[in-house]
Number of protein chains: 2
Amino acid sequence: MTDIKSGPNPLFLREEDLRQGIELLFYAYRDFTAEPDAMLAKIGLGRAHHRVVYFVGRYPGITVTELLGILQITKQSLSRVLSDLVDQEYIAQRPGTKDRRQRLLTLTDKGVDLERSLSDAQRARIASAYRAAGAAAVEGFRTVMLGIIDAEDRAKFPPPGKR
Amino acid sequence: MTDIKSGPNPLFLREEDLRQGIELLFYAYRDFTAEPDAMLAKIGLGRAHHRVVYFVGRYPGITVTELLGILQITKQSLSRVLSDLVDQEYIAQRPGTKDRRQRLLTLTDKGVDLERSLSDAQRARIASAYRAAGAAAVEGFRTVMLGIIDAEDRAKFPPPGKR
DNA sequence: GATTTTATGTCAGTCATGTTGACTTATTTC
DNA sequence: GAAATAAGTCAACATGACTGACATAAAATC
């Protein structure tokens, strides 16, 4: 154990630095999901419904296959929550114009309301963390998070200048 | 909508910045957990077992109540995975010396091996992200993540100087 | 010393969310 | 015309969460 107990020299990645990274992700995700989960429970829905509503809101007209690619679950798993959301009129389906096999998914007004109320707690949490941390820290956060995400999905996050 | 489409001015938090923050957390956590999940599936265990093994390794001698406080699940939920881990001799229990009602939890040698092999993929992912991002970005990452975590748990992450 | 609280564990039932495998239908592509 | 693709369905199952009720041992309090 080369435990020099030096000042911070993060390019010499100690065991403890890495462990702290693991724990930051664990606690942040735990707290980040707690509020919407509690709201969802009250209306008989779960986190999986939130994810679907979120990404349909994010990419209006998204196809089922595209959604499966993002969520990385099976179509049978998606089917259940998507059926719930369509039945309860949070999400509308319409056939694709170019490819009529596709079902393009969009939020109804009711779905927009749900998405907003669920994600607002998360937006507030992010906003408060960003404000407290400052612009430079936010850029560092972005950079490290992108490094954690598999390379295939990094293109979903265009650099600040391009936005 | 005051959409000025300016250059990056992160103190004016636009809708899109916040949405990007939400998605960074979603994708990072999804990819961060995928590798250990796949390894666990091969030996008939799940993510819940990983969490327990991780935190018992992190805090040797931790009590059941303390572990429940970290995981934020019910004792019935913990009981099942903890029993598995004790039965399969990944975790050992011994009565507390000061309070003999407590069961102090520690990893066995077998448990240490399991914890290491599971978390190694995660450590490697963090290490690679940290190296690619650089020291300043890592500090920003830490700061923002701490802002996302509920205040009660921030003390678990001492500032760099104090480590 | 008796009572209450705490730490832990257990039994039973339920729900949400994931899985695999098999199969169907409509449509598009080759 | 045949094969591939997009979507959906049925069935069975595993995991990990939950609630509620109850039990035991030990510690803390009155």
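Tally time: how many residues in segment B:104-154 are hydroxyl-bearing (Ser, Thr, Tyr) and touching a residue at least 24 places away in the same chain (Cβ under 8 Å)?
Total satisfying the criteria: 3.
Which of the residues spanning segment A:18-68 are assigned to a helix (DSSP H, G or I) and of a type in the set (Ser, Thr, Tyr)?
A:27, A:29, A:33, A:54, A:65 - these are the residues of segment A:18-68 that are assigned to a helix (DSSP H, G or I) and of a type in the set (Ser, Thr, Tyr).
Assess whether residue B:151 counts as being away from DNA strand C (no atom under 16 Å from the Cβ), surrounded by fewer than 18 Cβ atoms within 10 Å (Cβ to Cβ), under 17 Å from the mean Cα position of the chain (by Cα) and of a type in the set (A, V, I, L, M).
yes
Among the residues of segment B:87-101, write down those that are outside any loop (DSSP other than H, G, I, E, B) and in contact with a strand residue (DSSP E or B) (Cβ under 8 Å, 6 or more places away or on another chain).
Selection gives B:91, B:92, B:93, B:94, B:95.
Counting just the residues of segment B:93-106 that are surrounded by 16 or more Cβ atoms within 10 Å (Cβ to Cβ) and within 18 Å of residue B:57 (Cβ to Cβ), which one comes out nearest to DNA strand C (Cβ to nearest atom)?
Across segment B:93-106, the extreme among qualifying residues is B:103.
How many residues are charged (D, E, K, R) and within 10 Å of DNA strand D (Cβ to nearest atom) when one looks only at segment B:77-102?
6
Out of the residues in segment B:129-163 that are within 21 Å of residue A:31 (Cβ to Cβ) and of a type in the set (Lys, Arg), which is farthest from the other protein chains (Cβ to nearest Cβ)?
B:154
Results for (1) closer than 30 Å to residue A:127 by Cα; (2) modelled with pLDDT of 95 or more; (3) in a strand (DSSP E or B), shown as yes or no for each residue.
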residue	(1), (2), (3)
B:70	yes, yes, no
B:76	no, yes, no
B:85	no, yes, no
B:106	no, yes, yes
B:114	no, yes, no
B:136	yes, yes, no
B:140	yes, yes, no
B:145	yes, yes, no
B:153	yes, no, no
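Identify all residues within segment A:75-103 that are in contact with a Gly (Cβ under 7 Å, 6 or more places away or on another chain) and hydroxyl-bearing (Ser, Thr, Tyr); write none if there are none.
Hit for segment A:75-103 is A:90, nothing else.
So which of B:128, B:117, B:79 is near DNA strand C (Cβ under 8 Å from one of its atoms) and surrounded by fewer than 17 Cβ atoms within 10 Å (Cβ to Cβ)?
Only one candidate qualifies: B:79.
The values are calculated or read from the model by the stated rules, or taken from the named source; none is laboratory data. All figures in this text were calculated on a predicted structure; none of them were measured in a lab. Every residue, glycine as well, gets a Cβ built from its backbone with ideal geometry; the counts of neighbours run over all protein chains shown.
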